[in-house]
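In what follows, a structure is listed as structure tokens, so that the remarks can point back to it.
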Amino acid sequence: MASIDKVYKTVKNLANKEQKGFITPAVFNRFAVIAQQNIYNELFTELVDAKKISRQNLDPGRDKSVRKRTLEDLSPFVTRLHNYDTGEENIFYKPDNFSRLISMSEGGSERYNVNKVNIEIVYDVEKMDRILGSNLSSPTKEFPVALISDEIEVFPDTIESIDITYYRKPGGQTFSGSYTDSDPQWVALDLGDGQNLEVMDPESTVNFMLPEHYSSELVYEIAKLIGLSINDSGMVQVASQEEARR
């Protein structure tokens, strides 16, 4: 994953290039969260564009496939819950780190079962009302339907648990390698005696969740955000120029 220590030091170097000495860990951390979210959102736009390219038979394919690369970059955010059950009849609350739904199926004892019944996804309340009111398309255990709103309602209500695969909200990765819902943050090591040499504390610092090759993009995105926040066109321009040279 992208090293927050590397990104932090590079952003500070960019700021020094513009004689801006205000980049503190608190300032950096605040914009690091926004920068990662912006790049995460852009990945979904790229995925839509990649699908269009693929339909036009313009995608190079294999390791050069735009769609494949985008899906690989999004893979750290894919989360799967097996036998998800909130204890309420046909109501399943969205997980706290839920971002975008990928798929849903009926739960069961086996985690990966090719015979599991996929659940049709509906986002329109009126369409759901028509489905429930129809004698022909009313949901059954063999053909279940889920309404996605502020919560997830699955029909028929005899389905007690579901398997849900979704993209999680951007979080971070600890130095032990595990993913966490905590925001990426750079934390200084407490050296005692009031010393503040800005040495990173690996126990408290959380890396970005984006792959390592997004480090440069994170640097320029954070620098631009900082420049915009203080209305410093020079900082924005330097970040944009550096990004254009990539």
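The numbers here are math on the coordinates, done by the rules we state, and not lab data. What you see is a predicted model, and the numbers here were worked out from it, not measured in a lab. Note that we place each Cβ from the backbone using ideal geometry, even for glycine, and neighbour counts take in every protein chain shown.
Odds and ends about this structure:
- Within straight-line reach of Lys224, meaning a Cα separation under 18 Å, sit the following aspartates and glutamates at least 8 residues removed in sequence or on another chain: Glu18, Glu42, Asp232, Glu242, Glu243.
- Label zone at Glu110, where the point sits 7 Å out along the Cα-to-Cβ direction: the stretch 141-180 residues whose backbone N lies under 16 Å: 163
- Overall form of the stretch 86-160: oblate. Here a/c, set by the Cα gyration tensor axes a ≥ b ≥ c, is 1.5 or more, and a/b is not larger than b/c.
- Projecting the Cα atoms of Val122, Thr86, Ile102 onto the dipole axis of the stretch 86-160, where Lys and Arg carry +1 and Asp and Glu carry -1 at the beta carbon, places Ile102 farthest toward the positive end.
- Amide H to amide H, with H built 1.01 Å from N, Gly107 comes under 5 Å of Ser161, Ile162, Asp163, counting only residues 5 or more places away or on other chains.
- Extension reserve of the Thr165-Ser149 stretch, reckoned as 0.36 nm per residue once the Cα distance is removed: 4.1 nm
- For the stretch 102-194, the set of chymotrypsin sites (Phe, Trp or Tyr not before Pro) satisfying both a DSSP loop assignment and a count of at most 10 other C-beta atoms within 10 Å is given as Tyr112.
- Dipole magnitude for the stretch 143-220: about 240 debye, using +1 per Lys or Arg Cβ and -1 per Asp or Glu Cβ, origin at the Cα centre.
- Look at Lys52, Lys94 and count the other Cβ atoms within 10 Å of each Cβ; fewest to most, that gives Lys52, Lys94.
- Set Lys68/Lys169; Lys12/Lys94; Lys68/Lys94; Lys94/Lys127; Lys52/Lys127; Lys6/Lys51 screened for pairs whose C-alpha atoms are more than 31 Å apart: Lys12/Lys94; Lys6/Lys51
- Our estimate of slack between Lys127 and Asn16, defined as 0.36 nm per intervening residue step minus the Cα-Cα distance, is 34.3 nm.
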